[in-house]
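The values are calculated or read from the model by the stated rules, or taken from the named source; none is laboratory data. This is a predicted model, so every value here is computed, not measured. Methodologically, a virtual Cβ is constructed for each residue, glycine included, from the backbone with ideal geometry; neighbour enumeration extends over all protein chains shown.
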């Protein structure tokens, strides 16, 4: 294999990954971070993808990517979906086992980008009416790698994968175990009955 063949293969992988990201409605800055393509190349690829493929218009999101870790714990359903997605991300090694000591830039690669797409597609095939967008999935990967606000953990009752808020003082439990625990709690003996 010649050097030019290897470079061609790498460029083709970048373009294919960018196409997958476009299909998942990723922002330009997200595509650039994971593929290394220029903004202009990404925009041209998008125009070509939409016009030549004859596909329905894929929405282009503008502005900043999601940046609030609290999004993943807003509702029990989001917590459950986040745990499901995090399981796939962990299983496909998108998120390193102990976070990325070198930072997120070392994680954003073509191979992990392909694994990220696979994990997100698996999540979407399992969860009906999914509430976590692809951009939120990318933010989840970043937050889990940095480990400042969120980390991967296990439910203390059933050992399933959960996303844990690092500042939380409560035991980490998955949504079904939390609901079961709330049903088992005894009534407060000091509570007065009216």
The number of residues in the stretch 123-173 that are assigned to a loop (DSSP other than H, G, I, E, B) and within 18 Å of the chain's Cα centre (by Cα) is 12
Single residue of 174, 158, 117, 129 found to be surrounded by fewer than 19 Cβ atoms within 10 Å (Cβ to Cβ) and touching a helix residue (DSSP H, G or I) at 6+ places or on another chain (Cβ under 7 Å): 158
Output the number of the condition that residue 37 fails; it satisfies all remaining conditions of (1) at pLDDT 90 or above; (2) in contact with a helix residue (DSSP H, G or I) (Cβ under 7 Å, 6 or more places away or on another chain); (3) assigned to a helix (DSSP H, G or I); (4) more than 24 Å from residue 149 (Cβ to Cβ). (3)
Condition broken by residue 70, with the remaining ones in (1) at pLDDT 90 or above; (2) out of contact with any helix residue (DSSP H, G or I) (no Cβ under 8 Å at 6 or more places or on another chain) satisfied: (1)
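From the list 51, 65, which one is modelled with pLDDT under 85 and within 14 Å of the chain's Cα centre (by Cα)? Please lay out each step first, then the result.
Numbers: 51 fails: within 14 Å of the chain's Cα centre (by Cα).
So the residue among 51, 65 that is modelled with pLDDT under 85 and within 14 Å of the chain's Cα centre (by Cα) is 65.
Surrounded by 16 or more Cβ atoms within 10 Å (Cβ to Cβ), modelled with pLDDT of 85 or more and in contact with a strand residue (DSSP E or B) (Cβ under 6 Å, 6 or more places away or on another chain), is that true of residue 142?
Working: surrounded by 16 or more Cβ atoms within 10 Å (Cβ to Cβ): yes; modelled with pLDDT of 85 or more: yes; in contact with a strand residue (DSSP E or B) (Cβ under 6 Å, 6 or more places away or on another chain): no.
Answer is no for this residue.
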